[in-house]
Amino acid sequence: VDQLKGKDFLCLSDYSKEEILYLLDLAAKLKEEQKQGIPHPHLQGKTLGMIFDKASTRTRVSFEVGMYQLGGMAMFMSGRDLQIGRGEPISDTAQVLSRYIDGIMIRTFSDAMVKELAEYASIPIINGLTDLQHPCQVMADFQTIIEHKGKLEGLKLAYVGDGNNMTHSLMIGAAKVGMEVAVASPEGYQPDAGVTEMTRAFADETGVNVLVTTDPAEAVAEADIVYTDVWASMGQEAEQQERLQKFAGFEVNEALMRKARPDALFMHCLPAHRGEEVSADVIDGPRSVVFDQSENRLHAQKAILVAVMK
Ligand code: CP
Ligand code: NVA
């Protein structure tokens, strides 16, 4: 898949089903090689710049370790310390960084800012989370689902909670690969209308159902995967108390899990809040695959890095 070289990884909508499956295959191969101690220095001499305007544990560590395992290096840059923080234009920053490094992973607030960075940079830009989406997490999640269920197509993914960045990328990704998707969020916290429309368009192509509801039980019925995420995302800390009230009844607990298929997986991108969006017995229980998801951030992102930067 030579045509992925130089391509940005901004949104799963930019990738075909075949390209997504190709990346997942590559991720599985790289994971296997890593487990067997087989070196794979595909990015020797290459540097990934990592710009962070928000906190991170998994994204930062998995990208940095991933670049090291691929024979390259990663450079952490805090948005606060860059001249962007003092008003240097994104377009200039993009052109300057393109002269030094071979790719940029960015985690920030504005999705439009990431698009602008990509427009002016001559190197691939990878979206490491914005207010609107989190596509790298979905690649790790799909790798995890394949490991546990042997496939993606034909499964039903239910998402319960805030219609946030995670929800959006899951919806688009699921519709692309042919998974039925059902989202339950309280009134006022439903997924973005534009994303929902895009999801329905992709779902029409793959022939799967899309449901957006306010009823968690309806969404979870017969689901193969039950996914949730925090009720107050990074940047929404001030809304925490209000959200705790609005999201009452949306906790993923054993009672809700019983409405899904008996072999349903529980998934969460982490960090999690036990007793809020998920009960401790579910996230720490036998159906939870959250640490497989975390691990697969490393392998799935290595596949993206190799595909776009090699
Ligand atoms: N899931 C995820 O992106 O985690 P971090 O915020 O720790 O990077
Ligand atoms: N929705 C969460 C995801 C964190 C990985 C947030 O944006 O904070």
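Summarising the amide proton neighbourhood of Val212: residues at separation of 5 or more, or on other chains, whose placed amide H is nearer than 5 Å comprise Val183. Placing R0 at 30 angstrom, the Cβ-Cβ distance between Glu33 and Arg99 gives a FRET efficiency of 0.40 after rounding to 0.05.
Calculate the dipole size of the stretch 139-264 relative to its Cα centre from +1 charges on Lys and Arg beta carbons and -1 charges on Asp and Glu beta carbons; express the result in debye to the nearest 20.
On the way: 10 positive and 21 negative charges, 53 e Å.
That gives the stretch 139-264 a dipole magnitude of about 260 debye.
Expressed as a rounded percentage, what relative contact order does the chain have, with Cα pairs under 8 Å and six or more residues apart? Walk me through the numbers on the way to the answer.
Working: 621 pairs, mean separation 65.1, N = 310.
Relative contact order of the chain: 21 percent.
How big is D, in µm² s⁻¹, for the stretch 10-88 by Stokes-Einstein at 20 °C and 1.002 mPa s if Rh is the Kirkwood radius over C-alpha pairs? Could the numbers behind the result be given before it?
On the way: Rh = 14.7 Å.
In µm²/s, the coefficient rounds to 146.
Hey, could you grab the Kirkwood Rh for the stretch 103-203? Inverse mean 1/r over distinct alpha carbon pairs, Å, one decimal. If you can, show how the numbers build up before the last one.
Details: mean 1/r = 0.0695 Å⁻¹.
Hydrodynamic radius (Kirkwood, Cα only) of the stretch 103-203 equals 14.4 Å.
When the GluC sites (Glu not before Pro) in the stretch 192-258 are filtered for DSSP coil states and for at most 13 other beta-carbon atoms within 10 Å of their beta-carbon, the remaining sites are Glu222. Need one word for the stretch 27-159: rounded, prolate or oblate. Basis is the Cα gyration tensor (sqrt eigenvalues a ≥ b ≥ c); a/c below 1.5 gives rounded, then a/b vs b/c decides. Oblate shape, in that a/c is at least 1.5 and b/c is the bigger or equal ratio. Dividing the summed helix terms, -39500 (n - 2.57) for each DSSP H run of n ≥ 4, by the number of residues in the chain produces a 222 nm estimate of -13000 deg cm²/dmol to the nearest 500. Remark: the Cα gyration tensor places the chain in the prolate category, a/c being 1.5 or greater and a/b exceeding b/c.
Computed from the alpha carbon positions, the gyration tensor of the stretch 157-292 leads to an equivalent ellipsoid with semi-axes of 22, 18, 13 Å, biggest first. In this Cβ point-charge picture (+1 for Lys and Arg, -1 for Asp and Glu), the chain has a dipole of about 920 debye about its Cα centre.
Can you tell me how the stretch 236-310 classifies by the Cα gyration tensor, rounded, prolate or oblate, using a/c under 1.5 as the rounded cut?
Working: a/c = 3.02, a/b = 1.48, b/c = 2.03.
It is oblate, given that a/c is not under 1.5 and a/b is not larger than b/c.
Of His268, Ala303, Gln240, which is farthest on the positive side of the dipole of the stretch 220-310, counting Cα position, with +1 on Lys and Arg Cβ, -1 on Asp and Glu Cβ, and the Cα centre as origin? Ranked along the dipole, the leading option is Ala303.
Laboratory data are not the source of any read-out in this text; all were calculated from the coordinates shown. In this text, all values refer to a predicted model and were calculated from it rather than measured experimentally. Backbone-built Cβ (ideal geometry, glycine too); neighbour counts: all protein chains shown.
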